[in-house]
Each structure stands twice: as C-alpha cells, then as structure tokens.
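Structure first, then comments.
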Amino acid sequence: MASFDIVSKVDPQTLENAVNTAKKELQTRYDLRDTKGGIELDKKANTITLSSENSMRIQALENILLTRIVKQGIDGTALDFSAEEQPNGALVKKVVKVRAGVDKEAGRKIIKAIKDSKVKVEAQMQDDQVRVSAKKIDELQAAIAAVRQASIGQPLQFINMKS
C-alpha cells in the first residue's frame, strides 16, 4: 500500500538564523535602539521570549520577528502569539511558542478534511504526525490536495511518500 506522513516541522537552524537577524534589526532600529530587553530563543523549550519596557514595543518586536521568519522561508503560522504578556519587574515579557508536531486538535482537523473529501484513503494519528495510506498514489495526491485546501492553522509538510 502507498502511504505518506503529514508533519509540522520547523528547521531549527533556519529559526535561529531568523531570530539572530531580528536581533540585529532590533539594534539598528532608531525607535528601539536604547530599549532594554530583546529577543531570546530557547531551543530546548522551542520558545522565543520577547521582552521590552511596554506592550507597544512588544508589538514592534512581534512584527520584526514575524517579518524575519517569513523572509527566511518559515510559515508565519508556525509561531503561536496567543500567550499573554507577563510583567516582570521593569520589563514586560511575552513567550511565543514555536509549533512543532501535529497536535491532537490539528490531527482531528486533518483527518476530518480527508474524510470529508470522500477519497478512499485511511488516515490515522501517530504520535505527532498523521499517516495516510491508500491503494493508489492518485488517491494520496487527492488527499494532499484536500488537506491543503483545509485551514488547519499551522504549517504542514508531506513527507515519506512510499508506493
């Protein structure tokens, strides 16, 4: 049987390059030059910490980070900006999560999109990925098209196509 996997990954080196470029831009911007705080990447926790003196500057940091990430070729939906800002002494901090792996909710959306397309494939959740299998490759390609049309809310990659 032919199969492929649906995953959501962000290349860690590309992410680090985007964060470093955002840090350089932060140093050169006139309106943010003498601010305390900045942008920090935590590779183990897969998060980015934004810190500044007020929430307006946090918004500016978000815009800088998002622009740099998109220019590096990473989908902007890979970042989760939904966390609230936390006051921390004289600074305000915001932790932005980098989405890696297909969580259960996104997996359900993917499987539902495949089932709604009436394509003769089997989709099942495996850890942080979705495995799709069928008898013909044409059916798998139709499943990929159905998933691409659905709005899942995070970047998806289609890997390990086997026939």
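The values are calculated or read from the model by the stated rules, or taken from the named source; none is laboratory data. Just so you know, these numbers come straight off a predicted model, no measurement behind them. Backbone-built Cβ (ideal geometry, glycine too); neighbour counts: all protein chains shown. The protein model used for the area step is the full one, side chains on, heavy atoms only, and it has no ligands, DNA or RNA in it. Shrake-Rupley method; radii C 1.70, N 1.55, O 1.52, S 1.80 Å.
Against the conditions (1) under 29 Å from residue 40 (Cα atoms); (2) modelled with pLDDT of 85 or more; (3) part of a loop (DSSP other than H, G, I, E, B), residue 120 satisfies every one except (1).
Any chance the stretch 97-112 includes a residue that's within 30 Å of residue 83 (Cα to Cα), of a type in the set (Asp, Glu) and either touching a Ser or Thr at 6+ places or on another chain (Cβ under 8 Å) or open to solvent by 30 Å² or more (accessible area, probe 1.4 Å) (or both)? Taking every residue of the stretch 97-112 in turn, at least one turns out to be within 30 Å of residue 83 (Cα to Cα), of a type in the set (Asp, Glu) and either touching a Ser or Thr at 6+ places or on another chain (Cβ under 8 Å) or open to solvent by 30 Å² or more (accessible area, probe 1.4 Å) (or both).
Condition check: on the phi < 0 side of the Ramachandran plot, touching a residue at least 12 places away in the same chain (Cβ under 8 Å) and of a type in the set (Asp, Glu). Does residue 42 satisfy that? So residue 42 fails the test.
Between 74, 159, the distinction of being hydrophobic (A, V, I, L, M, F, W, C), within 19 Å of the chain's Cα centre (by Cα) and within 30 Å of residue 31 (Cβ to Cβ) belongs to 74 only.
Residues that are of a type in the set (A, V, I, L, M), under 19 Å from residue 9 (Cα atoms) and touching a residue at least 24 places away in the same chain (Cβ under 8 Å) were ranked within the stretch 55-92; the one that is surrounded by the fewest Cβ atoms within 10 Å (Cβ to Cβ) is 78. Within the stretch 1-42, restricting attention to residues that are among the polar types (S, T, N, Q) and in a helix (DSSP H, G or I), the residue that is least open to solvent (accessible area, probe 1.4 Å) is 14. Taking each residue of the stretch 133-161 that is assigned to a helix (DSSP H, G or I) and looking for partners that are open to solvent by 40 Å² or more (accessible area, probe 1.4 Å) with beta-carbon atoms closer than 6 Å, six or more apart or interchain, yields 137/163; 139/120; 144/158; 146/117. Listed by first and then second residue, the pairs linking a residue in the stretch 1-23 that is within 23 Å of residue 131 (Cα to Cα) to a residue that is of a type in the set (Val, Ile, Thr) and open to solvent by 60 Å² or more (accessible area, probe 1.4 Å), with Cβ atoms under 6 Å apart and 6 or more places separating them unless they lie on different chains, are 2/137.
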